[in-house]
Amino acid sequence: MLVLKRLITFIATGLPVMIAGVALAASGQPEPWQMGLQKGATPVMDDIIWFHDFLLWLITAITLFVLALLVIVMVKFNARSNPVPSRTTHNTAIEVLWTVVPVLILVTIAVPSFRLLFFQLNMPKADLTLKATGKQWFWSYSYPDSKIEFDSLMVQDKDLKAGQPRLLTVDNELVVPVNKVVHVLTTGADVIHAFTVPAFGIKIDAIPGRINETWFKAEREGVYYGQCSELCGKDHAFMPIAVRVLSEKDYAEWLEQAKKKFATDGSRPTSVAAGGAAN
Ligand SMILES: [Cu+2]
């Protein structure tokens, strides 16, 4: 009885909180009691969410169908209600069906799956190129076209200002313009890290000695948070990624300031990897 009581309490109190969590999940960061994925801010993430939901409905339907078959068999064909079993061993029609129908289901999954994969992997022409270098344990960002380079470190709990999320806020955010295609090149300076922003639908390894690339086009202004997603050492959990998406005008203003604040003379190559860069 206690279990039942607890279940009722959970449903009564937990569900409204969960539903509220769904509504809040639009803020570019995880929310308490969040269900499902963060709301997408890029076309790629919108497609990922669509594909995820599509698969969820599909597997739910398949699971319920199989469950129904099992229940029918248990009720109709148990030893008591069906004492003399039939001797049937083959049925051509049903054998064709249970081969063809799963094939059709797989094709239905494969088409949007490949379409999404090509959408993610075919880079559209870049409006802006950034480089993110994973280091133990922070990120360095450079804007090669503007000769800007800076480090982005997590803000410690005691230094947080009101409204800043704990473990996600950084001192220098990555700043990008809205509705522009941004290429992100990633590399690691020491060990493998991974550059991940859930609301953008991107997750790409940052590997010492090589450059990986991905892209995003943020369609809404705001701040979007991510975290290093490759176990990279003791402070792996404390090297968040914060991307601020600004209007084109605000971005231009930020860029002017940043050019003064974070200028590199261009003669110093960004350290690519301990073993990879001979500088
Ligand atoms: Cu890392």
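The values are calculated or read from the model by the stated rules, or taken from the named source; none is laboratory data. This one's a predicted model, so the numbers in the text were calculated from it and none came from an experiment. As a convention, Cβ positions derive from the backbone with ideal geometry for all residues, glycine included, and neighbour counts pool all protein chains shown. The protein model used for the area step is the full one, side chains on, heavy atoms only, and it has no ligands, DNA or RNA in it. Shrake-Rupley method; radii C 1.70, N 1.55, O 1.52, S 1.80 Å.
Over the chain, with a Gaussian network built from C-alpha contacts below 10 Å, which listed residue (Trp98, Trp50, Trp33) shows the highest mean-square fluctuation? The residue with the greatest mean-square fluctuation here is Trp98.
Based on Cα contacts under 8 Å between residues 6+ apart, the chain shows a relative contact order of 19 percent. Between the Cα long axis of helix 248-261 and the first principal axis of the chain there is an angle of about 50°, rounded to the nearest 10.
Placing pseudo-labels 7 Å out from each Cα toward the beta carbon at Leu69 and Lys161 gives an inter-label distance of 6.0 nm. Using C-alpha pairs under 8 Å with a sequence gap of at least 6, the mean separation divided by the residue count of the range 136-244 gives a relative contact order of 30 percent. A straight line joining the Cα centroids of the range 223-247 and the range 64-111 runs 48 Å.
Of all DSSP bridge pairs formed entirely within the chain, close to 70 percent run antiparallel. Based on protein heavy atoms only, the range 63-158 ends up with 73 Å² per residue of surface accessible to a 1.4 Å probe.
Here the label points at Thr88 and Gln34, each 7 Å from Cα along the C-beta direction, are separated by 5.1 nm in the simple model. Of Met45, Met239, Met35, the residue with the greatest mean-square motion in the GNM of the chain, using alpha carbon springs below 10 Å, is Met35. Among Val181, Val223, Val66, the residue with the largest mean-square fluctuation in a Gaussian network model of the chain, with springs joining Cα atoms closer than 10 Å, is Val66.
Scoring 67-80, 182-195 by mean Cβ neighbours within 10 Å over their residues and listing the highest first yields 182-195, 67-80.
Considering only alpha-carbon pairs that sit under 8 angstrom and 6 or more positions apart, the relative contact order computed for the range 202-243 is 33 percent. Per-residue 3J(HN,Hα) values for the range 43-49, derived from phi via the Karplus relation 6.51 cos²θ - 1.76 cosθ + 1.60 with θ = phi - 60°, read x, 4, 5, 4, 5, 4, 5 Hz in sequence order (x marks Gly and Pro). At a probe radius of 1.4 angstrom, the accessible area of the range 180-220 per residue rounds to 34 square angstrom. The simple Förster model, with R0 at 45 Å and r as the Cβ-Cβ distance, assigns Arg80 and Lys203 a FRET efficiency of 0.25. Between the helical axis of 2-24 and the longest alpha-carbon principal axis of the chain there is an angle of about 40 degrees.
Apolar share of the accessible surface for the range 57-165: 70 percent from carbon plus sulfur atoms, 1.4 Å probe. Computed from Cα positions, the angle between helix 92-121 and the longest principal axis of the chain comes to roughly 10 degrees. In this structure, the amide hydrogen of Val170, modeled 1.01 Å from its nitrogen in the peptide plane, lies closer than 5 angstrom to those of Val155, counting only residues at least 5 positions away or on a different chain. Volume per residue for the chain equals 217 cubic angstrom (convex hull of Cα atoms). Proximity of backbone amide H atoms, modeled 1.01 Å from N, is registered between Gln227 and Thr196, Ile241 at under 5 Å, excluding neighbours fewer than 5 places apart on the same chain. Applied to the range 64-71, the Karplus parametrisation 6.51 cos²θ - 1.76 cosθ + 1.60 on θ = phi - 60° returns per-residue 3J(HN,Hα) values of 5, 4, 5, 4, 4, 4, 4, 5 Hz, with x for Gly and Pro.
The simple spin-label model puts a point 7 Å past each Cα toward its Cβ; for Asp235 and Leu58 those points are separated by 4.3 nm. Taking amide H positions as modeled 1.01 Å from N, with prolines and chain starts lacking one, the residues under 5 Å from Arg210 and 5 or more places away or on another chain are Gly188.
Work out, in µm²/s and without decimals, the Stokes-Einstein translational diffusion coefficient of the range 88-247 at 20 °C, 1.002 mPa s, Rh from Kirkwood over C-alpha pairs. My calculation gives 120 µm²/s for D.
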